[in-house]
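Novice: Shown below is the structure under consideration.
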Amino acid sequence: MLDIIYSVASFVIAAVAFWLGAIKLFAKDKPFYMKLLVCAAGCFMLEQQLLIINLWCGVQEVFTIGMLGILGCNYFLLSANYGTIDHVVDDRSDNNRFARLLANIAPVIIALLCVNAFIVWMNKDVFCAVLWMLMLLPAIPASYFNLKHIFLPSDACGFLNATKNCNIWALVFYVVTIAFVTCSASDNSRLVGILSLLMSLSVLAITISAIRGAKKWAI
């Protein structure tokens, strides 16, 4: 019964995160960056929905298609900061060198946490351990851009100020997600349920930060 409560609560929060973001940000005059974050929330919502379906139907498979929702979410979080926006806020000057160096801390920590999750799952299911690593892999480079954009000096257009909280909550999401994956290999369903709830709350925080950030977006 407790599993169902956690699953339903996590799905409801994730659904609120996506639909709130879609209503507020899926418009022509809204930043594409923020729309990518809403798409990340949408992928996570689908993952939570499939978890409920599996739980309702009594599916006990270690691997489920819902895992792809984590992959999609991480890829959208990566694509939001990689590319054009990064070149705009980071001109590769010496003034930004410290932020670039400091940002390397994030992918190292995320990679170590992923390795730990992989080792834990290896003891239970090798195939699932490999799949989970593939799902989590985009979070490693994504965390670099998240942390770099947090510490970079403010840009003229105010992009970094608008996205700072989004990046902070994205980092929280990576850590909680890896903790969820690690604990999923155990029989501690209560802890897994709590972590699932925290994942949904962090996604909601990303969406709320995106909505607020869109108001600060200069162009």
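Novice: Do the conditions hold for Ala22, that is, is it farther than 23 Å from Ile206 by Cα, in a helix (DSSP H, G or I), of a type in the set (Gly, Ala, Ser) and modelled with pLDDT of 85 or more?
Specialist: no
Novice: In the range 93-108, which residue that is open to solvent by 50 Å² or more (accessible area, probe 1.4 Å) and without any contact (Cβ under 8 Å) to a residue 40 or more places away in the chain is nearest to the chain's Cα centre (by Cα)?
Specialist: By that ranking, first place goes to Val108.
Novice: Here's something else I'd like to know. State whether the residues of the range 59-69 include one that is assigned to a helix (DSSP H, G or I), at pLDDT 85 or above and at negative phi.
Specialist: Filtering the range 59-69 down to residues assigned to a helix (DSSP H, G or I) leaves 67-69.
Pick out the ones that are also at pLDDT 85 or above and you get 68-69.
With at negative phi added as a condition, the list becomes 68-69.
Yes, that holds for at least one residue.
Novice: Gly193: in contact with an Asp or Glu (Cβ under 7 Å, 6 or more places away or on another chain) and either open to solvent by less than 50 Å² (accessible area, probe 1.4 Å) or under 17 Å from Val12 (Cα atoms) (or both), yes or no?
Specialist: On the way: in contact with an Asp or Glu (Cβ under 7 Å, 6 or more places away or on another chain): yes; either open to solvent by less than 50 Å² (accessible area, probe 1.4 Å) or under 17 Å from Val12 (Cα atoms) (or both): yes.
Spelling it out, Gly193 is indeed in contact with an Asp or Glu (Cβ under 7 Å, 6 or more places away or on another chain) and either open to solvent by less than 50 Å² (accessible area, probe 1.4 Å) or under 17 Å from Val12 (Cα atoms) (or both).
Novice: Across the range 163-178, what is the number of residues that are free of Cβ contacts under 8 Å to residues at least 60 places away in the same chain and either in contact with a Pro (Cβ under 8 Å, 6 or more places away or on another chain) or within 21 Å of Gln49 (Cα to Cα) (or both)?
Specialist: Count: 1.
Novice: Can you find a residue in the range 129-143 that is in a loop (DSSP other than H, G, I, E, B) and hydroxyl-bearing (Ser, Thr, Tyr)?
Specialist: Here is the first cut: in the range 129-143, the ones in a loop (DSSP other than H, G, I, E, B) are 137-138.
Subsequent filtering for residues that are hydroxyl-bearing (Ser, Thr, Tyr) retains none.
No, that holds for no residue.
Novice: Okay, next question. Tell me which residues, restricted to the range 155-177, are among the small types (Gly, Ala, Ser), open to solvent by 50 Å² or more (accessible area, probe 1.4 Å) and under 10 Å from the mean Cα position of the chain (by Cα).
Specialist: Those that are among the small types (Gly, Ala, Ser), open to solvent by 50 Å² or more (accessible area, probe 1.4 Å) and under 10 Å from the mean Cα position of the chain (by Cα): none in the range 155-177.
Novice: Go through the range 110-125 and report how many residues are in contact (Cβ under 8 Å) with a residue 60 or more places away in the chain, within 29 Å of Lys148 (Cα to Cα) and β-branched (Val, Ile, Thr).
Specialist: Of the residues in the range 110-125, 1 are in contact (Cβ under 8 Å) with a residue 60 or more places away in the chain, within 29 Å of Lys148 (Cα to Cα) and β-branched (Val, Ile, Thr).
Novice: Hey, another quick one. Among the residues that make up the range 122-136, is at least one of them at pLDDT 95 or above, open to solvent by less than 10 Å² (accessible area, probe 1.4 Å) and not aliphatic (A, V, I, L, M)?
Specialist: Looking for residues that are at pLDDT 95 or above, open to solvent by less than 10 Å² (accessible area, probe 1.4 Å) and not aliphatic (A, V, I, L, M), one finds none in the range 122-136, hence no.
Novice: Of the residues that make up the range 25-42, is at least one closer than 27 Å to Val130 by Cβ, in a helix (DSSP H, G or I), open to solvent by 70 Å² or more (accessible area, probe 1.4 Å) and among the aliphatic types (A, V, I, L, M)?
Specialist: Within the range 25-42, none of the residues are closer than 27 Å to Val130 by Cβ, in a helix (DSSP H, G or I), open to solvent by 70 Å² or more (accessible area, probe 1.4 Å) and among the aliphatic types (A, V, I, L, M).
The values are calculated or read from the model by the stated rules, or taken from the named source; none is laboratory data. Because the structure is predicted, anything quoted here is derived from the model rather than measured. Here Cβ is always computed from backbone atoms with ideal geometry, including for glycine, and neighbour counts include all displayed protein chains. When the accessible area is computed, the model is the full protein with side chains, heavy atoms only, and any ligands, DNA or RNA have been set aside. Shrake-Rupley method; radii C 1.70, N 1.55, O 1.52, S 1.80 Å.
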